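Nothing in this text is a laboratory measurement; each read-out follows from the coordinates by a stated rule. This structure is a prediction, so every number in the text was calculated from the model and none was measured. Virtual Cβ from ideal backbone geometry, glycine too; neighbours counted across all protein chains shown.
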Amino acid sequence: MKHFHFYFVTLIMVLSSCSNDLDLVDPIDPIPVVYFQMNPDDSVYYLTLTKTFQGNNSAFDLAHDTDLVFYDSADIRLEAWTDSFKILETRFNRSDRAKLPGIFPDVPGYCYEAVNNVPEFTNQTINSYRLVINAPGMENPVVSRIPVLKAIKVPNRFNHLFDLYPDGYKYPPKSNSLGELKNGNIYEEVSKIEYQQLLCVFHYQEYAGTWIDHSATFTLRKNTLIVEPVLYADYFFNKVAANIKPISDTITRKFISLDLVFLSGDKYYKDYINTYEHDGNQDIPLKSNIINGYGLFTMIREAKYEDLILSQQTLDSLAFGKITKKLRFVRW
């Protein structure tokens with residue numbers, strides 16, 4: 001039977017989770033594959049560690065041998081640095097949380113986790129983080145370093161009201177770009193932000209004898225450095241209609257609230273998203289910031305407007321407008 005070599009690239013789209021999709025390329029020897037998407041605001045960090053593998057059977061058969069795919073033990077350290085001095089080290093342990101198996105439904109996987117203990121050291125400035133991994137069979141340690149992406153500071157100035165009329169509603173305050181803020185310093189530091197995504201989490205209830213809670217999450221803007229995305233009514237309602245399915249005449253829906261989530265990432269996150277979107281159905285280029293391995297070590301930050309309610313006119317459009325009328329929302 002033909003001899004195959006396989007390379008697993010971990011693809012995780014949900015923040016702070018251990019679910020993976022896997023794609024295949026063709027190295028010769030086993031190589032570590034790392035995925036660590038770090039949000040300094042998380043209380044616990046999760047990291048996945050797999051390896052490339054080879055054999056004489058099909059990929060589906062070989063992937064059922066967990067020893068071929070996963071490192072069941074590894075020395076994983078996250079170091080915090082200020083200038084040229086290491087001020088803190090955090091160690092990862094294998095977690096009880098299983099990695100979702102992706103295209104191999106019977107294969108268990110491992111996540112590694114570490115408690116975020118950086119808040120205990122807030123009296124020192126952290127400029128960068130360094131990831132170091134050693135495991136049995138690794139010829140050289142896996143190493144990667146990323147600069148700190150400062151927290152996003154979005155002021156709460158809209159009184160929890162989401163109003164799309166008459167001229168569109170802008171979040172955050174008026175500005176031209178990340179470097180030209182005019183109404184308040186929303187970003188403590190913006191020079192390292194290279195990717196921005198605006199998400200909407202739309203909370204509602206359905207009534208079919210009893211009220212049942214639901215939510216839909218969708219992207220409003222992505223891969224843009226503009227801080228003032230304008231949310232025109234038709235654009236917003238088309239997004240709602242595309243992400244919430246129509247229902248029968250016997251079911252009623254009621255809007256509860258929505259959250260706006262600003263997700264910002266560094267250049268490594270931008271490269272990862274662009275590679276996934278542009279090459280997801282082709283051979284994925286080996287873009288990585290991992291030394292002696294493949295994968296991704298990146299930093300993201302989030303800021304939110306939570307529990308926004310719709311203005312009366314916006315609620316009327318949700319209930320009676322031509323775009324979303326089929327969704328059967330009531331106006332109260």
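Annotations for the structure displayed:
- Taking TRP81, TRP332 and counting other C-beta atoms within 10 Å, the order from fewest to most: TRP332, TRP81
- Order by protection proxy (mean Cβ within 10 Å, highest first), peptides 67-73, 211-217: 67-73, 211-217
- Cβ crowding within 10 Å, taken as a proxy for footprinting-reagent exposure, orders THR314, THR66 from fewest neighbours to most as THR66, THR314.
- Proxy reagent accessibility, fewest Cβ within 10 Å first, across SER144, SER288, SER264: SER288, SER144, SER264
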